[in-house]
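Report on one structure; see the data block that follows.
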Amino acid sequence: MALQWLILSYVVAAEVVIAVILTLPYPMLLKKRIVSLVSLILQPAASIVAFAGFQLLDLYWKNEHRLMCSSEVCTATERNRYEKSIYKAQRNVVLCAAGILLYWCIFRICKYNKDLEHLEELEKRCKAE
C-alpha cells in the first residue's frame, strides 16, 4: 500500500526540482531550451493529476468508512493506531494536493514563457517592418 505514496512523493520532489529550474534566471537561449524540454515532458506527466485525484478519492472513501475510536471501550493501542492513521491520511492529502498544484504551476510557467517568446518574436517582426 505504501508504494503509491512513495511514487507520488518522488514525483512531487521531481516537480519541485523542475519548478525551481524553470524559475531560475538563465540566459535566453538556455531558458528556451529548458522550457521546450519541460513542455515535452508535461503532456505524459499529466497522468499525475489523475493519479493524485484517484488517491484523494481513495483517502476520502477510507475516511468516510473508517472505524471511529473515541469511546472508553478502545484500548490505548487502538487509539494510537487510529490517530496514526489519521495523521498519515492528512499527510497523504497534502502530498496529493502538492502534486496537483505543482503540476499546474509548472504548466503555467511554461505557458507564460512560451507566450513571452511569441510576443518577442512579434515585436521583432514589427520593428523589422
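The values are calculated or read from the model by the stated rules, or taken from the named source; none is laboratory data. Predicted model, so just to flag it, every value in this text is computed and none were measured. Counting neighbours? That spans all protein chains shown, and the Cβs are built from the backbone with ideal geometry, glycine included. Remember, those area values only see protein heavy atoms, side chains included, never the ligands or the DNA or RNA. Shrake-Rupley method; radii C 1.70, N 1.55, O 1.52, S 1.80 Å.
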Please check which bits of region 80-103 a label hung off Cys74 would reach, taking the label as a point 7 Å along Cα-to-C-beta and the cut-off as backbone N under 16 Å.
-> 80-90
Taking the Cα-to-Cβ direction at Arg33 and at Ala97 and moving 7 Å from each Cα, how far apart do the two end points lie in nm?
-> 3.9 nm
Using Cα pairs closer than 8 Å and at least 6 residues apart in sequence, work out the relative contact order for the chain, in percent.
-> 46 percent
What does the helix-only formula give at 222 nm for the chain: each DSSP H stretch with n ≥ 4 adding -39500 (n - 2.57), the total divided by the residues, and the result rounded to the nearest 500 deg cm²/dmol?
-> -30500 deg cm²/dmol
Just the number, please: carbon plus sulfur as a percent of the accessible area of the chain, 1.4 Å probe, no ligands or DNA/RNA counted.
-> 68 percent
Which of the cysteines found in the chain have nothing to pair with, since no other Cys Cβ lies under 4.7 Å from theirs?
-> Cys96, Cys105, Cys110, Cys126
Given [x] 45, 12, 11; [y] 52, 11, 11; [z] 28, 17, 12 as possible values of semi-axes √(5λ) of the Cα gyration tensor in Å, the one from the coordinates is [x]
May I ask you to give the solvent-accessible area per residue for region 1-127, in square angstrom, as obtained with a 1.4 angstrom probe?
-> 73 Å²
Mind putting a number on the dipole of the chain about its Cα centre? Charges go on the C-beta only, +1 for Lys and Arg and -1 for Asp and Glu, and I need it in Debye to the nearest 20.
-> 200 debye
Count the lysine pairs in the chain whose Cα atoms lie under 26 Å apart, taking only pairs 8 or more positions apart in sequence or on different chains.
-> 14
Label-point separation in nm, Trp104 to His118, each point 7 Å along Cα→Cβ | 2.1 nm
